[in-house]
1. What ³J(HN,Hα) values, in whole Hz, does the Karplus curve 6.51 cos²θ - 1.76 cosθ + 1.60 give for the range 107-112 when θ = phi - 60°, with x put for Gly and Pro?
2. Taking 0.36 nm per residue of sequence separation and subtracting the Cα-Cα distance, how much length would be gained by fully extending the chain between LEU190 and PHE1, in nm to one decimal?
3. Which order do you get for LEU2, LEU190 if you rank them by accessible area with a 1.4 Å probe, largest at the top?
4. Which one is right for this structure if mean projected area of the Cα convex hull in nm² is calculated from it: [x] 25.6; [y] 17.6; [z] 15.6?
5. With a point put 7 Å past each Cα toward its Cβ, work out how far ASP139 is from ALA10 in nm, to one decimal.
6. Remind me, relative contact order of the range 78-129 in percent, using alpha carbon pairs under 8 angstrom and six or more residues apart?
7. Considering Cα pairs under 8 angstrom that are at least six residues apart, work out the relative contact order of the range 87-203 and quote it in whole percent.
8. Using a 1.4 Å probe and counting only protein heavy atoms, arrange HIS116, HIS31 so the residue with the most accessible area comes first.
Amino acid sequence: FLIMPGILNADFVITQSEIFNYAYLEAYEEHTGRRANKKKYLALGSPIIDKVISTKKENLSIPDTWKEIIADKKTILYNTSVQGFLNSGQKTLEKMKNVFRIFMEQDAFILLWRPHPLSLATISRMTPHLLSEYKELVDFFKNNKVGIYDDTSDVYRAIALSDAYYGMGGSLLTMFRSSGKPAMVQAITLIYDIIHDDSMGST
């Protein structure tokens, strides 16, 4: 993509960062054998990343029901993607159940779950045998008040509102990382147990 005709023949190329500038310069020189014009590549940023950085928690419009759930807890943005259901459907569901159970066992954190907007449609079409169980899991999350179920279109609010990220990879992970807050990718095959230590008075 760095040496497509449109890139090679353009007067200017807008990139998202200086790192990408160097990639374009190196690709051009390697492909053509000529020196690249550094002034041709303009690192003006990414509108998506700029929006993530500029969206501030104090300026958000937060539903009252969300405020009640969050209270003084730390909010973890939980991302599930369609790829997980396509690659390892049943294991993905088991992992999600485990995550929900873990968070129900403690009081310091809450989940803000943002399922991929195409999750239901993808499961219905590609893995219909998982559809009933997935719907049950969504109902369980909502009915047991595991956290906030966010199926709105405002992904920037979810990122700004969250203190950390956990879940599958994808574009949302890339966006969240630009906020500078911690992020962890879940391992589908790892299932954790809560261990209660009564002698220590903690979990």
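1. Those phi angles translate into 10, 7, 10, 10, 8, 10 Hz.
2. This chain segment gains 64.4 nm when fully extended.
3. Accessible-area ranking of LEU2, LEU190, largest first: LEU190, LEU2.
4. Calculated mean projected area of the Cα convex hull in nm²: the matching label is [z].
5. Once both label points are built, they end up 5.0 nm from each other.
6. Numbers: 32 pairs, mean separation 31.0, N = 52.
For the range 78-129, the relative contact order is 60 percent.
7. On the way: 89 pairs, mean separation 33.7, N = 117.
It comes to 29 percent, rounded to a whole number.
8. Largest accessible area first, the residues go HIS31, HIS116.
The values are calculated or read from the model by the stated rules, or taken from the named source; none is laboratory data. What you see is a predicted model, and the numbers here were worked out from it, not measured in a lab. Heads up, the Cβs are rebuilt from the backbone with ideal geometry, glycines too, and the neighbour counts pull from every protein chain shown. Side chains are part of the model used for accessible areas, which takes the heavy atoms of the whole protein and leaves out ligands, DNA and RNA. Shrake-Rupley method; radii C 1.70, N 1.55, O 1.52, S 1.80 Å.
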